[in-house]
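The values are calculated or read from the model by the stated rules, or taken from the named source; none is laboratory data. From a predicted model like this one, the values you see are computed outputs, not experimental measurements. With ideal geometry, Cβ positions are generated from the backbone for all residues, glycine too; neighbour counts draw on all protein chains shown.
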Amino acid sequence: MTRMDQGRRGLEMEQALVIALGKQALGVTLKICVPILGFGLVAGLLVSVLQAATQIQDMTLTFIPKILAIFLALALFFPWMLNLMMEFTTYLFQGIPGWIR
């Protein structure tokens, strides 16, 4: 194996590592966002059904319930979200020495 082949092989490994880390980061981001977005979605749907049933078409009526639902989701899920972010950050910091050659 020539030196150039070894360099290409190292580059391929670095690319695979970057892609894997990016995938993991996106997965963590999605896991963190889903509860908050879900609560906002459910609140929006409930307000929309209420508006359709009562024929109230005020656009500002949807904001307050959505904001309250999002704050509720943050209050409920923040410890879990913080733990998830800390685990991923710890994984990154502990992996740095092995990833640097």
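Below is a table of values for the structure above.
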| quantity | calculated |
| --- | --- |
| Pick from segment 81-101, criterion of a type outside the set (Gly, Ala, Ser) and surrounded by 12 or more Cβ atoms within 10 Å (Cβ to Cβ), ranking: modelled with the lowest pLDDT | Trp99 |
| Positions within segment 21-64 being of a type in the set (S, T, N, Q) and without any contact (Cβ under 8 Å) to a residue 12 or more places away in the chain, in sequence order | Thr29, Gln51, Thr54, Gln55, Gln57, Thr60 |
| Residues within segment 9-68 that are over 26 Å from the mean Cα position of the chain (by Cα) and basic (Lys, Arg), tallied | 1 |
